[in-house]
Amino acid sequence: MILNLICILFFLIFGILFISLAYNPDYFLSLINNFILEKKFIFNLRVQFASIGVIFILFALKIFGIFFGFRKEKVIKLNTKEGELVIFISAIEDIITRLLNSKKELTHIRPQVKMVKKNIDIVIKGNLTSEINILDFVSDAQREIKERLNNILGDKEIKIKFEIRKISVGKNKPTIEEVQIPFRNY
């Protein structure tokens, strides 16, 4: 952790140094001439130092994002008196899929669960197949999912976002009951 912080500070300092040298190249040119045998440079030194400085700062920010950014965890860990409980994210996604498959208004359900810090973020993508009040349907589904997950996981902060990709609008076809043939499965 300390090594990462030192590396980030190193790149930030060099980035700021190169950008500041781009604004005052005459002083830096005199230093370069003293160290490199009085050779003259043909290229535009200001642009090069500014671009090198920007590259260093972007690289430092990338390293900062890698080491300290949000990470997607694949499990949820719960501590009990007797030990630790590990629940895979895929198990929670399966629970949500089974819960929403019972609703005939929603098809092509694809839940995505992310554990960020102590929060559970859920994004549910799907298609609506009937003309209903979307706000009521989504709020009922969100409440039902939160209740089910709070029963399983305890009191965790759960954020649920629905993404409706397609709404099938049209006349509802009446369902035709199929005649059950006796002993058809034998």
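The values are calculated or read from the model by the stated rules, or taken from the named source; none is laboratory data. Quantities reported herein were computed from a predicted structural model and do not represent experimental measurements. As a convention, Cβ positions derive from the backbone with ideal geometry for all residues, glycine included, and neighbour counts pool all protein chains shown.
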Residues of segment 92-101 being free of Cβ contacts under 8 Å to residues at least 24 places away in the same chain and within 22 Å of Val75 (Cβ to Cβ), in sequence order, are Glu93, Asp94, Thr97, Arg98
Pairs returned, first residue in segment 130-148 that is under 15 Å from Val169 (Cβ atoms), second residue that is surrounded by fewer than 15 Cβ atoms within 10 Å (Cβ to Cβ), beta-carbon separation under 7 angstrom, 6 or more apart or interchain, are Ser130/Asn172; Glu131/Val169; Ile134/Ile164
When segment 90-113 is checked residue by residue, the ones that are among the β-branched types (Val, Ile, Thr), surrounded by 15 or more Cβ atoms within 10 Å (Cβ to Cβ) and out of contact with any Leu (no Cβ under 9 Å at 6 or more places or on another chain) are Val113
Per the filter on segment 114-129, residues surrounded by 14 or more Cβ atoms within 10 Å (Cβ to Cβ), in contact with a Phe, Trp or Tyr (Cβ under 9 Å, 6 or more places away or on another chain) and closer than 14 Å to Val75 by Cβ are Lys114
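Among the residues of segment 75-90, which ones are without any contact (Cβ under 8 Å) to a residue 24 or more places away in the chain, of a type outside the set (Asp, Glu) and over 30 Å from Ser168 (Cβ atoms)?
Pass one, segment 75-90, residues without any contact (Cβ under 8 Å) to a residue 24 or more places away in the chain: 77, 79-86, 88, 90.
Adding the requirement that they be of a type outside the set (Asp, Glu) leaves 77, 79-81, 83, 85-86, 88, 90.
Matches in segment 75-90: Lys77, Asn79, Thr80, Lys81, Gly83, Leu85, Val86, Phe88.
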So, first residue in contact (Cβ under 8 Å) with a residue 24 or more places away in the chain in segment 102-127, second residue among the small types (Gly, Ala, Ser) and in a strand (DSSP E or B), Cβ within less than 8 Å, six or more apart or across chains; the pairs are Leu106/Gly126; His108/Gly126
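Could you check how many residues of segment 127-160 are of a type outside the set (A, V, I, L, M, F, W, C), touching an Asp or Glu at 6+ places or on another chain (Cβ under 9 Å) and either at pLDDT below 90 or not assigned by TED's automatic domain parsing to the domain that holds Ala91 (or both)? Show your work before the answer.
Step one: filter segment 127-160 for residues of a type outside the set (A, V, I, L, M, F, W, C), giving 127, 129-131, 133, 136, 139-140, 142-144, 146-148, 150-151, 154-157, 159.
Now narrow it down to the ones that are touching an Asp or Glu at 6+ places or on another chain (Cβ under 9 Å): 129-130, 159.
Next, from what is left, pick out any that are either at pLDDT below 90 or not assigned by TED's automatic domain parsing to the domain that holds Ala91 (or both): 129-130.
Residues in segment 127-160 being of a type outside the set (A, V, I, L, M, F, W, C), touching an Asp or Glu at 6+ places or on another chain (Cβ under 9 Å) and either at pLDDT below 90 or not assigned by TED's automatic domain parsing to the domain that holds Ala91 (or both): 2 in total.
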When every residue in segment 149-166 that is assigned to a helix (DSSP H, G or I) and not hydrophobic (A, V, I, L, M, F, W, C) is compared, the one farthest from the chain's Cα centre (by Cα) is Asn151
Exercise for review: Kindly check whether there is at least one residue in segment 12-20 that is closer than 19 Å to Leu61 by Cβ, of a type outside the set (Asp, Glu) and modelled with pLDDT under 70.
Suggested key: no
